[in-house]
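Undergrad: Got a structure for you, questions after.
The values are calculated or read from the model by the stated rules, or taken from the named source; none is laboratory data. In this text, all values refer to a predicted model and were calculated from it rather than measured experimentally. Glycine also receives a Cβ, built like all others from the backbone with ideal geometry; neighbour counts cover every protein chain displayed.
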Amino acid sequence: MTVRTRFAPSPTGFLHIGGARTALFSWAYAKKHSGKFILRIEDTDVERSTPAAVQAILDGMAWLGLDYDEGPFYQMQRMGTYKKVLQTMLDAGTAYYCYCSKEELEALRETQMQQGLKPRYDGRWRPEAGKVLPQIPADIPPVIRFKNPQTGSVVWNDLVKGRIEIANSEMDDLIIARADGTPTYNFCVVVDDFEMGITQVIRGDDHVNNTPRQINMLMALGATIPQYAHLSMILGDDGQKLSKRHGAVSVMQYHEDGYLPEAVLNYLARLGWSHGDAEIFNMQQFCEWFDLEHITPSAAQFNTEKLNWLNAHYIKEMDMNLLASDILVRLQANIHAAYRAPFLNDVLALYRERANNLNQLAADIAYFYVLPTPSAEDIEKHITPEIMPAIKTFSENLAKIEWNAEAIHHEINAVVTAFGLKFPKIAMPLRVMLTGIAQSPSIDQVMALLGKEETRVRIEKYIK
RNA sequence: GUCCCCAUCGUCUAGAGGCCUAGGACACCUCCCUUUCACGGAGGCGACCGGGGUUCGAAUCCCCGUGGGGACGCCA
């Protein structure tokens with residue numbers, strides 16, 4: 001049987017890191033088994049779903065390169081199907097109308113909570129043999145409930161968590177269609193997973209409690225039950241639960257924050273899943289290796305430090321021209337006076353090794369394009385009156401230096417020797433003058449790239 | 001409250017009863033490289049939640065605690 005997995009986000013916000021990992025695992029599972037990966041947008045909550053959120057999810061998946069074979073399907077466009085199945089269930093007696101008002105239900109819940117009971121529907125409109133149902137009120141539009149079995153239990157072998165059994169007595173008759181006739185989440189999922197032939201449902205473990213209900217409905221429909229794999233959640237860097245208020249950000253934010261999709265993908269793949277000691281691998285390898293057996297059932301804490309490390313790796317690996325075009329955009333975003341220098345590739349070759357973030361990399365090389373302003377501390381510490389004679393001599397000799405790193409290095413050495421100094425004594429002030437800070441790659445290489453004229457101008461600013 | 005899930009270094013994890021004196025990675029520390037800062041290289045610190053079983057033998061299996069998390073919507 002062909003493997004068919006799906007990612008089914010509800011468009012009520014952006015694609016966050018947890019959703020992205022769920023999508024990644026579903027995607028990889030389909031790839032691994034030469035199956036199909038389906039994208040389904042669960043937009044039945046009209047109040048909270050927005051086209052902007054749909055777009056944000058699509059953008060996030062596109063950035064990560066998570067391509068889908070079918071879809072996106074929109075549940076709101078499948079109303080006809082849902083209505084049909086609803087009627088079938090009503091006819092078959094596996095679903096029924098319930099005329100309780102919201103207020104009535106609320107009161108029921110409250111009473112049960114007070115008594116320390118699990119809040120649940122009491123089945124007052126559930127038809128039973130020989131039972132007399134209440135008088136149908138004229139002013140209440142009914143909802144439709146699923147007639148859940150009351151005895152026995154639902155068991156499934158979760159591909160991540162193992163055997164899970166939940167007693168039917170723990171479940172009540174859930175609402176599958178609202179008073180306005182629109183179907184609800186659990187019902188739509190069931191119909192869609194069935195109709196789309198989903199073979200493995202890979203989703204967040206906040207759905208574990210929905211699974212037995214869905215299995216019961218699937219059985220009522222005579223459907224084949226898919227396998228389930230429930231992924232545990234991702235905690236924030238601080239070990240706290242991710243939420244809109246706390247730490248949950250769009251995957252696109254990582255793009256803005258200077259991360260490469262390769263790094264995010266590799267990081268996410270290793271969060272909750274492992275393949276022996278493998279730490280760095282591309283998506284092709286991941287898809288070959290991926291399995292559900294090696295997914296950890298416990299929650300995982302996000303670790304930005306490790307993401308940074310992977311990001312550094314992928315920055316080093318990246319194709320130079322692609323890197324340059326990315327950095328160019330970031331330079332322009334950060335620096336008004338940015339212009340395209342012909343030697344951006346050379347500058348990056350000198351700097352990429354030291355960067356673990358694209359924004360940082362862009363900021364680090366900004367001094368090539370905009371005059372830097374060193375801090376007062378650095379000036380005071382490194383550009384001392386004692387060193388100025390040597391700097392002045394070096395500056396005067398600039399004109400005769402053949403402009404390459406080796407020759408520059410040679411000239412600095414000559415000055416250093418002439419003044420009886422140590423190399424750093426002159427390298428540090430030059431760094432501050434030329435780059436604006438006291439840390440940089442070899443100063444001779446920096447000068448070689450900066451150019452003779454620009455080097456002269458920047459040094460002379462400090463010669464009184 | 002009820003039900004469900006989880007539990008190995010600070011973090012991500014390896015581990016399917018003897019290969020475990022518990023392995024790797026990030027972070028941290030030390031040293032090396034060095035012209036500063038990085039990169040890189042070599043070392044180091046550092047964990048099986050507790051208690052009972054089962055077994056010749058348990059990080060691995062079972063039970064009970066404890067701790068954490070999730071679910072209990074006409075949200076998804």
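Undergrad: Of the numbered conditions (1) farther than 25 Å from A:F343 by Cβ; (2) near RNA strand B (Cβ under 10 Å from one of its atoms), A:A414 satisfies every one except a single condition; which is it?
TA: Among (1) farther than 25 Å from A:F343 by Cβ; (2) near RNA strand B (Cβ under 10 Å from one of its atoms), A:A414 violates only (2).
Residues checked against (1) part of a strand (DSSP E or B); (2) buried (at least 19 other Cβ atoms within 10 Å of the Cβ); (3) modelled with pLDDT of 95 or more:
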| position | (1), (2), (3) |
| --- | --- |
| A:H230 | yes, yes, yes |
| A:G239 | no, no, no |
| A:H255 | no, no, yes |
| A:Y259 | no, yes, yes |
| A:V264 | no, yes, yes |
| A:Y267 | no, yes, yes |
| A:F281 | no, no, yes |
| A:N308 | no, no, yes |
| A:H313 | no, no, yes |
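Undergrad: Can you tell me which residues in segment A:27-44 are touching a residue at least 60 places away in the same chain (Cβ under 8 Å) and in a loop (DSSP other than H, G, I, E, B)?
TA: Hits for segment A:27-44 are A:G35, A:E42, A:T44.
Undergrad: Please identify the pairs in which a residue from segment A:397-412 that is aromatic (F, W, Y) has its Cβ atom under 7 Å from the Cβ atom of a residue that is part of a helix (DSSP H, G or I), counting only partners at least 6 apart or on another chain.
TA: Matching pairs, first to second residue: A:W403/A:A448; A:W403/A:K452.
Undergrad: Restricting to segment A:346-371, give me the number of residues that are surrounded by fewer than 16 Cβ atoms within 10 Å (Cβ to Cβ) and in a loop (DSSP other than H, G, I, E, B).
TA: Of the residues in segment A:346-371, 2 are surrounded by fewer than 16 Cβ atoms within 10 Å (Cβ to Cβ) and in a loop (DSSP other than H, G, I, E, B).
Undergrad: Related question: Among the residues of segment A:189-224, which ones are among the hydrophobic types (A, V, I, L, M, F, W, C) and without any contact (Cβ under 8 Å) to a residue 12 or more places away in the chain?
TA: Scanning segment A:189-224 gives a single hit, A:M219.
Undergrad: Something else now. Output the residues belonging to segment A:113-161 that are within 8 Å of RNA strand B (Cβ to nearest atom) and part of a strand (DSSP E or B).
TA: Of everything in segment A:113-161, those that are within 8 Å of RNA strand B (Cβ to nearest atom) and part of a strand (DSSP E or B) turn out to be A:V143, A:D158.
Undergrad: Also: Can you pull out every residue in segment A:281-332 that is in contact with a strand residue (DSSP E or B) (Cβ under 6 Å, 6 or more places away or on another chain) and without any contact (Cβ under 8 Å) to a residue 24 or more places away in the chain?
TA: If the condition is that a residue be in contact with a strand residue (DSSP E or B) (Cβ under 6 Å, 6 or more places away or on another chain) and without any contact (Cβ under 8 Å) to a residue 24 or more places away in the chain, then A:H294 is the only one that fits.
Undergrad: State which residue is nearest to the chain's Cα centre (by Cα) when the search covers only segment A:417-426 and only residues that are surrounded by fewer than 20 Cβ atoms within 10 Å (Cβ to Cβ) and within 10 Å of RNA strand B (Cβ to nearest atom).
TA: Restricting to residues being surrounded by fewer than 20 Cβ atoms within 10 Å (Cβ to Cβ) and within 10 Å of RNA strand B (Cβ to nearest atom), the top hit is A:P424.
Undergrad: To continue, here is another question. Kindly establish whether A:D91 is acidic (D, E), at pLDDT 90 or above and not in a loop (DSSP other than H, G, I, E, B).
TA: In short, yes.
Undergrad: Output the residues belonging to segment A:251-279 that are small (G, A, S), in contact (Cβ under 8 Å) with a residue 12 or more places away in the chain and within 8 Å of RNA strand B (Cβ to nearest atom).
TA: Across segment A:251-279, the qualifying residues are A:G272, A:S274.
Undergrad: Identify, from the list A:V201, A:V208, the residue that is near RNA strand B (Cβ under 10 Å from one of its atoms), under 23 Å from A:R21 (Cβ atoms) and β-branched (V, I, T).
TA: Details: A:V201 fails: near RNA strand B (Cβ under 10 Å from one of its atoms).
Of A:V201, A:V208, the one residue that is near RNA strand B (Cβ under 10 Å from one of its atoms), under 23 Å from A:R21 (Cβ atoms) and β-branched (V, I, T) is A:V208.
Undergrad: Looking at A:L292, A:L265, A:L260, A:L307, which is the one that is within 12 Å of the chain's Cα centre (by Cα) and under 23 Å from A:V201 (Cβ atoms)?
TA: That would be A:L265, the only listed residue that is within 12 Å of the chain's Cα centre (by Cα) and under 23 Å from A:V201 (Cβ atoms).
Undergrad: When A:A52 is evaluated against the numbered criteria (1) away from RNA strand B (no atom under 13 Å from the Cβ); (2) over 21 Å from A:I225 (Cβ atoms); (3) crowded, with 20+ Cβ neighbours inside 10 Å; (4) small (G, A, S), which criterion, by number, is the only one it fails?
TA: With (1) away from RNA strand B (no atom under 13 Å from the Cβ); (2) over 21 Å from A:I225 (Cβ atoms); (3) crowded, with 20+ Cβ neighbours inside 10 Å; (4) small (G, A, S) applied to A:A52, the lone miss is (3).
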